[in-house]
Structure formats: structure tokens, C-alpha cells
Amino acid sequence: MKIGIVCYPTFGGSGVVATELGKALADRGHQVHFVTYNQPARLDLFSENLFYHEVAVSKYPLFDFPPYELALASRLVDVVRFEKLDVLHVHYAIPHASAAYMAKQILATYGISIPVVTTLHGTDITLVGNDRTYKPVVEFSINQSDGVTAVSEHLKQDTYKFFDVYKDIRVIQNFIDLNRFSLKSKEHFKKAIAPEGGKILIHTSNFRRVKRTQDVIRIFAKVREVIPSKLLMVGDGQERPECEQLARDLGVAENVRFLGKQEAVEEILSVSDLFLMPSQSESFGLAALEAMACKVPVISSNAGGLPELNIEGVTGYLRDVGDVDGMAERAIYMLSDEERLNQFKENALEHARKFELSYILPQYEQLYQEVIANV
Ligand code: GMT
């Protein structure tokens, strides 16, 4: 198939899923065309089946807000016509689903029918899409998509709860490439981070408010009172300065390393003992799955789709959003007994295997075939 993929080309979860999916589809022999405003972060174009088409947004002094959605729709028309694409797969509803709808209508005037698959990722439904600024457009463009997928059962139910959506939503969970995300031997790195031994806790995110990164620091401060340990904070975003200040205020700054955005997350995960994800809302929790694949168990909130990924008492523990004491208590329980911790590590990997790329990929291929057959 010739597949067009639209996504945010950043380190964000939806962009990562879209890029990894595109690369895997290209490996399977499909021709994959990324249409976005920058080359996606994890995309190396070293494959005969991978293409990148930049969306250039022309600036004009009249525009306080350059119309990206129109530029994207125009580019989609252009790419679908000249590359003869079979299907468009847009990741994150805003504004990708409505741009694809517009492109589809324009293409019809050229006698071209192209099916659109929209994958809902989380904040496009729970935070941004739900805001009345965008709601009518999001609702309309989901209903107009030929196929709709959600990355967890919980997100599917949220979509039906918040929007008047009559379209059937198929749950296709996020996936992991176990060739890349696996435990690597990085003992020297572990020694550098924690020279006198001790445990390593880790958090990776975009440091947006929804991630409750300050809870991560608070949990760690409590763990540190009992267990010699270090905390690695990977990623960057608006909450980072507050987290740095909080670490100082709580007297743990010396034991917290802020590493910023990192490419080789799997190497950092490989030296870690416990992953913290106390999010306010989380449709799936891809970062936690990446950790589990590297044998790192998880303490998380029980928000959104997290209970579908982190299994209570098996791969880690889940507590209510904001229950810092509860999360710290469970972290101490897990980290204080080596044999118990090792069992959690084994379980984490075992569970992560259920999300292997090779199992999820055919579900997308199947959906593409169905929507192509129905246009
Ligand atoms: O979590 C974010 O802020 C980024 C966001 C995105 O769209 O890039 O992530 C969402 O999609 C990921 C991939 O499907 C999911 O793993 C995340 O759980 C989801 N984030 C939220 O629901 C907050």
C-alpha cells in the first residue's frame, strides 16, 4: 500500500507512535509518505520506502496566526495526487483530522477517493479537543473519518463520553519495538550515576502540567528518606524549573539529575530500577511501556488507560492521582527487597511483550485494507 502519515514531528507520544509505525510499515514493504512541518524526530530516511513531504506555512504580515491547517490540507492534496496514495492516516485529531477531511473533499473534485484513518492519542480528546474552542470541528472530523482508532479502551470510552461520536472506534493499543527497547548492559553508566550503589528511579516526559512532575520529586524525596537512591528526570518542558526548585526546597537536589531531552532513552532506562508516572491523565502511557520493555517496573497513577498497561501488584502499583504518600510507600515496598524487585522487573518485561510491534502492526494493515475496500 501507499500510505500517507500525518503527525506532530516532535518527541511527543503521538509523533513517536506515528513515526515508529511508518518505519515498521516501510520495513514490511509499504511505501510510507510523512506529511508534516518538520522531519519527525525519530525518522531516518535511510529506506527506499520512506518519504518526507514538508508542509511550508507561508508567512504574511496580515496573519497573526499563519493558517497551518490550510497549508497541510493543500499539501495533502498535492501529495495524494502526485504520489497516488491509497490511504491517509492522521495521528492526533487536531488539526490533522479536519485538514484530512478538507483534502478529501478537494480530491473528490479531481475524481480521487482517499480514505482517512484518524488515530486518537489522548489530549486531543481529554484536554484540547474537549475545549469548546475546537470541539465542534473535532467531533465532526472524527465522524467523517473512514476509520477511527484509539490507543486504549479508556480513551475510546472518553471519546464517546465527551463527544457526540457515532463512528465505531477500534482500539489498537500502542506498541513497542523490543529490538530497540531492551535491557542493555550499562554498568559503567550506573556507577557514574550512583557511585556508592543504591537504587535509580526514573521519570521521562514532556514536563507538561498533566504529567504532575512535581509529584515525582515529592515521591522521590520520601523514598530517599528510607532508601539510598537517585532520580533521573529525562525530558524538558514548562514544569522543569518548578521541579528543580522543589528538589532544592526538599533537600534532594544533589540526588536528582535533570538530563533534558535524550535520544537513547533505552540506555538510561537500562540502569533504572523503578519508573514513576503520577500523571493527572494518560490515555496509554507509552513512556511506561518503554520502561517495562527495559525491565523497569512502574509506580503510576490510576488515570485513564494506565490500568490497561500497569497491572497492580504484577508490573508495579497504581494509586489515585495526587496520592504521593501512597506511591512513595509502594515504591519503598518494591525497592526494599531485592528478590521482590527482581520479580517485578521480570513481570514488567513479560507484560511488555504483549505490546510487541509485530502483534500490533497487522491490526493497522487490516484496517487500511478495510477502509480502502469501502471507499
Ligand atoms: O503525553 C503527552 O503530553 C503527549 C501526548 C501526545 O499526543 O503526543 O501523548 C498522548 O499520546 C501517547 C501516544 O499514544 C500516549 O502514550 C499518552 O498517554 C498520551 N498522553 C496523554 O493522554 C496525556
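The values are calculated or read from the model by the stated rules, or taken from the named source; none is laboratory data. Everything numeric here is computed off the predicted structure, so don't read it as measured data. Here the Cβ is made from the backbone with ideal geometry for all residues, glycine too, and neighbour counts use every protein chain on show.
Please report, ordered by residue number, the helices (runs of 4 or more DSSP H) entirely within the stretch 213-296 with at least 1 residues that are surrounded by fewer than 16 Cβ atoms within 10 Å (Cβ to Cβ) and away from the ligand (no atom under 16 Å from the Cβ).
Passing ranges, in order: 213-226, 240-249, 265-269.
Find the helices (runs of 4 or more DSSP H) located wholly in the stretch 118-204 whose residues include 2 or more that are polar (S, T, N, Q), and list them.
By residue number, 123-126, 135-144, 153-162.
Which residues, taken from the stretch 138-168, are surrounded by fewer than 20 Cβ atoms within 10 Å (Cβ to Cβ), of a type outside the set (Phe, Trp, Tyr) and either closer than 24 Å to Lys23 by Cα or within 16 Å of the ligand (Cβ to nearest atom) (or both)?
Across the stretch 138-168, the qualifying residues are Glu153, Gln157, Lys161.
Can you say whether Ser74 is at negative phi, more than 16 Å from the ligand (Cβ to nearest atom) and assigned to a loop (DSSP other than H, G, I, E, B), as far as the supplied structure shows?
no
For residues that are in contact with a Leu (Cβ under 7 Å, 6 or more places away or on another chain) and within 16 Å of the ligand (Cβ to nearest atom), tally how many sit in the stretch 24-42.
Adding up the residues that qualify gives 2.
Pull out all pairs, ordered by first then second residue, where Cβ-Cβ is under 8 Å, the residues are six or more apart or on different chains, the first lies in the stretch 144-169 and is outside the structural domain of His96 (by TED's automatic domain parsing) and over 21 Å from Leu286 (Cβ atoms), and the second is away from the ligand (no atom under 13 Å from the Cβ) and modelled with pLDDT of 95 or more.
none
If Ala97 passes every condition in (1) within 22 Å of Tyr368 (Cα to Cα); (2) away from the ligand (no atom under 16 Å from the Cβ) but one, which one does it miss?
Condition (2) is where Ala97 drops out.
Could you grab me the full set of residues in the stretch 316-335 that are within 16 Å of the ligand (Cβ to nearest atom) and either in a loop (DSSP other than H, G, I, E, B) or of a type in the set (D, E, K, R) (or both)?
Matches in the stretch 316-335: Val321, Gly322.
Name the pairs: first residue in the stretch 1-27 and farther than 16 Å from Gln39 by Cβ, second residue of a type outside the set (Phe, Trp, Tyr) and in a helix (DSSP H, G or I), Cβ to Cβ under 7 Å, at least 6 apart or on different chains?
Pairs found: Lys2/Glu83; Ile3/Leu25; Gly13/Leu286; Val17/Leu286; Ala24/Leu357; Ala24/Leu361.
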